[in-house]
Amino acid sequence: MSFLKFFMRNRSAPVARDRLQVLLAHERALSGRPDLVAVLQQEILAVIAKHIPIDRDKVVVKLDRGSQVSTLEIDIEMPDEALARG
Amino acid sequence: MSKVMVVTSGKGGVGKTTSSASLGAALAQAGQNVVVVDFDVGLRNLDLVMGAERRVVFDLVNVIQGDAKLPQALIRDKRLETLSLLPASQTRDKDALTEEGVGRVIDELRERFDWIVCDSPAGIEKGAMLAMRFADLGVVVTNPEVSSVRDSDRIIGMLDSKTQRAENGDRLEKHLLLTRYDSARAARGEMMKVDDVLEILAIPLLGIVAESPDVLTASNVGSPVTLHNPASAAARAYTDAARRLLGEDVAFSSARPPQRQGFMSRLFGRKAAAA
């Protein structure tokens, strides 16, 4: 087992290459509209705020950039009373 | 009482970002609540070194300009709950940083964290000046090499004159972190020794990080070396440095005795380490 480990020990370069490929693909694609996520968030919140009062401090935005698919997650906490009125 | 620590050097490529990530992680591993802030606007890399590059949504500039709230921009480390990252903006220029805005963000970070580690960009321009502006202590990262030592001297002068503490007449602790050190070459007289650099710069020593392949491996996989390979000499050097920052008296000699490795010991030493 330690023999195998000896050869697997320093195979971190492929990891570095893969991480950079994913990152740079995203950065190149977004050049020219760097604040896309900020703009998306603002517009989505504006639409929701038209109907329901929301607390901007209770908004959680998460992004995961993948090589095939990225996910943008926007969690908005909506108090029950706001829903009842809406 | 939270501490703002700037990691700076003047010269580029000496290991500021690696050291910010590793010291931040080591402090967090010691149970402290830590945020590492990237001040290198336009050329951010701390996110990549810490393995959070896929999760960056908002950044320091977004928070300063009010596009995002601070909690939205903070990225919690996946491996270590007490470690967070505040990334720099990749697309703005350094003029997007204002002293008032940075001060506001630092004040807000002080309420949430024990340690605010500011990863300075190279140079002595606005980004570097604002990274050190609100610091309580400075870690000067230096290589045992003439241009690095000279630039470190210049940066030490700026820590003593351009920071808020200096202007208020308060004390600002400065510490030397010697990186990429090769004790064998120093012993052969091919590289300046620790004492040579200490004598020239005349600030207390925080740690000695030997030149090590483990540091490259850790950055390849996006993990601070203290998390990725805690047993490595580099990780132990950063862990010891973090303990010194926390006020412990850690001897230098026990951590890393100067060693001469022969061919056979290298061969067998490596196997022993892998087993």
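The values are calculated or read from the model by the stated rules, or taken from the named source; none is laboratory data. In this text, all values refer to a predicted model and were calculated from it rather than measured experimentally. Every residue, glycine among them, receives a Cβ derived from its backbone with ideal geometry; neighbour counts consider all protein chains shown.
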Review point. Given the conditions (1) buried (at least 23 other Cβ atoms within 10 Å of the Cβ); (2) more than 9 Å from chain A (Cβ to nearest Cβ), and given that B:Phe58 satisfies all but one, which numbered condition is not satisfied?
Key: (2)
Practice item. Mind listing whichever residues of region B:71-108 are within 10 Å of another protein chain (Cβ to nearest Cβ) and not small (Gly, Ala, Ser)? Key: B:Pro71, B:Gln72, B:Ile75, B:Gln90, B:Thr91, B:Arg92
Review point. Can we say A:Lys62 is away from chain B (no Cβ under 13 Å) and either at pLDDT 80 or above or assigned to a loop (DSSP other than H, G, I, E, B) (or both)?
Key: no
Practice item. Pick out, from region B:30-106, the helices (runs of 4 or more DSSP H) lying fully within it that include 1 or more residues that are touching a residue at least 24 places away in the same chain (Cβ under 8 Å) and under 27 Å from B:Gly247 (Cβ atoms). Key: B:46-49
Point to revise | Scope region A:1-33; condition modelled with pLDDT under 90, more than 20 Å from B:Gln90 (Cα to Cα) and aliphatic (A, V, I, L, M); matching residues | key: A:Met1, A:Leu4, A:Met8
Check your understanding: Of these, A:Glu27, A:Glu43, which one is surrounded by 13 or more Cβ atoms within 10 Å (Cβ to Cβ) and of a type in the set (Asp, Glu)?
Key -> A:Glu27
Review point. Which one is farthest from B:Asp93 (Cα to Cα) among residues in region A:34-59 that are in a helix (DSSP H, G or I) and touching a residue at least 24 places away in the same chain (Cβ under 8 Å)?
Key: A:His51
